[in-house]
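Peer 1: Have a look at this one before I ask anything.
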Amino acid sequence: MSTAPVFFWQDAETTGRGARVRLDGPEGRHAALVRRLTAGERVDLAGGRGVVAECVVAVAHKDWLELDVRDVVRTPAPEPRITVVQALPKGDRGETAVETMTEIGVDAVVPWAASRSIVQWKGERGEKALNKWRATAREAAKQSRRAWWPEVAALHSTAEVAELLAGADQALVLHEDARTPLAGLEVARGGSVVLVIGPEGSISSRELAAFEAVGAQSCKMGPTVLRTSTAGTAAATVVLAKSGRWD
């Protein structure tokens, strides 16, 4: 049996069992026109903050739906909170990274303007790229049926990433020259874990020194070198498994 499709609805946190609600706007049109949902079918509404309203279609219009709320499920925020700092990759590889990291359960993605990043986000181009990352995260969260949707932060400088690492309960930097394997580390089971993924040209010695100065630990994935767009998903998978999030 397939799971119910999920649609964004900003009032999910304030609705109650037995309510009748209308899903309209872009989400309603997609449900009615693209998904062609009809009366009696299951639909979930989520606001991305841990609340999911489980509904049944009562009325299907050409561009909106009326839904009966059968139940409201509240899911606590997962712990530890896992943040991936992602250096800007080339082309659409950033959106691929955001999509797959969202699917596996990462809680926040922080785009980072590393010194060796070829791509630069400036002006309108930067805003457009950030909005693409955020839209990708939202769609991937719906597709993977997440109750808590990841935050995609604004572009961070190296100094801002260092500040983020300083405030984490566990700070990790993936680096191919590190001696400690990520798979061998004990991962925090509460609080916050921040994981830094460098650009294709690797993290510079100056950046690495800045991160280690605030307590970050360097680690490596294994004998092969991964692309920056896949390294975050691979490393976050290890962290999620070792943190107890997948128990």
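The values are calculated or read from the model by the stated rules, or taken from the named source; none is laboratory data. Bear in mind that the values here come from a model prediction, so they are computed numbers and not experimental data. Neighbour counts are summed over all protein chains in view; Cβ atoms, including those assigned to glycine, are modelled from backbone coordinates with ideal geometry. Calculation scope for accessible area: heavy atoms of the full protein, side chains included, ligands and nucleic acids excluded. Shrake-Rupley method; radii C 1.70, N 1.55, O 1.52, S 1.80 Å.
Peer 1: Counting other Cβ atoms within 10 Å, which trypsin sites (Lys or Arg not before Pro) in the range 176-209 have at most 15 and lie in a DSSP loop? Don't skip to the end; give the middle numbers.
Peer 2: Working: sites: 179, 189, 206; in loops: 179, 189.
Passing sites in the range 176-209 are 179, 189.
Peer 1: Extending each Cα 7 Å along its Cβ direction at residue 145 and residue 186, get the distance between those two points in nm, one decimal.
Peer 2: 3.5 nm
Peer 1: Between residue 206 and residue 226, what length in nm is gained on full extension when 0.36 nm per residue of separation is reduced by their alpha carbon distance? Before the final figure, lay out the partial values.
Peer 2: Working: separation 20, 0.36 × 20 = 7.20 nm, distance 2.15 nm.
Here the segment from residue 206 to residue 226 would lengthen by 5.1 nm.
Peer 1: Further question on the same structure: Going by the alpha-carbon gyration tensor, a ≥ b ≥ c the square roots of its eigenvalues, is the range 34-119 rounded (a/c under 1.5) or, if a/c is not under 1.5, prolate (a/b greater than b/c) versus oblate?
Peer 2: oblate
Peer 1: Starting at the first residue of the range 195-203, write each ³J(HN,Hα) from the Karplus equation 6.51 cos²θ - 1.76 cosθ + 1.60 with θ = phi - 60°, in whole Hz, x for Gly and Pro.
Peer 2: Once θ is set to phi - 60°, the couplings for the range 195-203 become 10, 9, 10, x, x, 4, x, 6, 6 Hz.
Peer 1: Taking the Cα-to-Cβ direction at residue 120 and at residue 154 and moving 7 Å from each Cα, how far apart do the two end points lie in nm?
Peer 2: 1.9 nm
Peer 1: Sticking with this one: Working from Cα positions, state the angle (0 to 90°, nearest 10) between the long axis of helix 228-243 and the longest principal axis of the chain.
Peer 2: 80 degrees
Peer 1: Sticking with this one: Would you work out the relative contact order for the range 1-142, in percent, from Cα pairs under 8 angstrom that are 6 or more residues apart? The partial results should precede the final answer.
Peer 2: Numbers: 235 pairs, mean separation 29.7, N = 142.
RCO, the range 1-142: 21 percent.
Peer 1: Still on this structure, I have one more. Return the sequence-ordered ³J(HN,Hα) values of the range 44-49 in whole Hz as given by the Karplus equation 6.51 cos²θ - 1.76 cosθ + 1.60 applied to θ = phi - 60°, using x for Gly and Pro.
Peer 2: Each residue's phi maps through the Karplus curve to give 10, 10, 9, x, x, 10 Hz.
Peer 1: Taking a quarter of the surface of the Cα convex hull of the range 1-145, what do you get in nm²? Don't jump to the answer; show the numbers that get you there.
Peer 2: Numbers: hull surface 40.8 nm².
For the range 1-145, the mean projected area of the Cα convex hull comes to 10.2 nm².
Peer 1: Here's a follow-up. What does the charge dipole of the range 74-119 about its Cα centre add up to, to the nearest 20 debye, if the Cβ of each Lys and Arg holds +1 and the Cβ of each Asp and Glu holds -1? Before the final figure, lay out each step's value.
Peer 2: Numbers: 5 positive and 6 negative charges, 37 e Å.
With only Lys, Arg, Asp and Glu charged at Cβ, the dipole is about 180 debye.
Peer 1: Counting each DSSP H run of 4 or more residues in the chain as -39500 (n - 2.57), what helix-only mean residue ellipticity at 222 nm follows after dividing by all residues, to the nearest 500 deg cm²/dmol?
Peer 2: Values: 6 runs with 72 residues, N = 247.
So the helix-based figure for the chain works out to -9000 deg cm²/dmol.
Peer 1: When you count, for each residue, the other Cβ atoms within 10 Å and take the mean per peptide, how do 208-216, 119-127 rank with the highest first? Walk me through the numbers before you get to the answer.
Peer 2: Numbers: 208-216: 16.7, 119-127: 12.8.
In descending order of packing, they fall as 208-216, 119-127.
Peer 1: To check you understand DSSP bridge types, tell me what percent of the beta bridges within the range 50-126 (both residues inside) are antiparallel, rounded to 5.
Peer 2: Numbers: 9 of 14 bridges.
Restricted to the range 50-126, the bridges split so that about 65 percent are antiparallel.
Peer 1: Once you order the gyration tensor axes a ≥ b ≥ c over the Cα atoms, which shape class does the range 97-152 get: rounded for a/c under 1.5, otherwise prolate or oblate by comparing a/b with b/c?
Peer 2: Note, shape of the range 97-152 comes out prolate.
Peer 1: Between helix 93-104 and the chain, what is the angle of the helix's C-alpha long axis to the longest principal axis, kept within 0 to 90° and rounded to the nearest 10?
Peer 2: The two axes meet at around 70 degrees.
Peer 1: If you count the DSSP beta bridges with both ends in the chain, what percent of them are antiparallel, to the nearest 5?
Peer 2: Numbers: 19 of 44 bridges.
DSSP beta bridges in the chain are roughly 45 percent antiparallel.
Peer 1: Only four residue types carry charge here, +1 at the Cβ of Lys and Arg and -1 at the Cβ of Asp and Glu. Report the dipole size of the chain about the Cα centre in Debye, rounded to the nearest 20.
Peer 2: Dipole magnitude for the chain comes out near 420 debye.
Peer 1: On to the next question. Across the range 105-111, in residue order, what do the Karplus-derived ³J(HN,Hα) couplings come to in whole Hz, using 6.51 cos²θ - 1.76 cosθ + 1.60 with θ = phi - 60° and x for Gly and Pro?
Peer 2: x, 4, 8, 8, 10, 10, x
Peer 1: Order 156, 175 by their accessible area, 1.4 angstrom probe, all chains in place, largest first. Don't skip to the end; give the middle numbers.
Peer 2: Values: 156 40, 175 20 Å².
Descending accessible area places them as 156, 175.
Peer 1: List the pair-distance distribution P(r) of the chain, using every Cα-Cα distance, as the percent of pairs falling in each 10 Å bin from 0 up to the bin containing the longest distance, rounded to whole percents.
Peer 2: 8, 29, 30, 19, 11, 3, 0
Peer 1: Starting from the amide H of residue 217, placed 1.01 Å from N in the peptide plane, find each other amide H under 5 Å away whose residue is 5 or more places distant or on another chain.
Peer 2: 171, 172, 173
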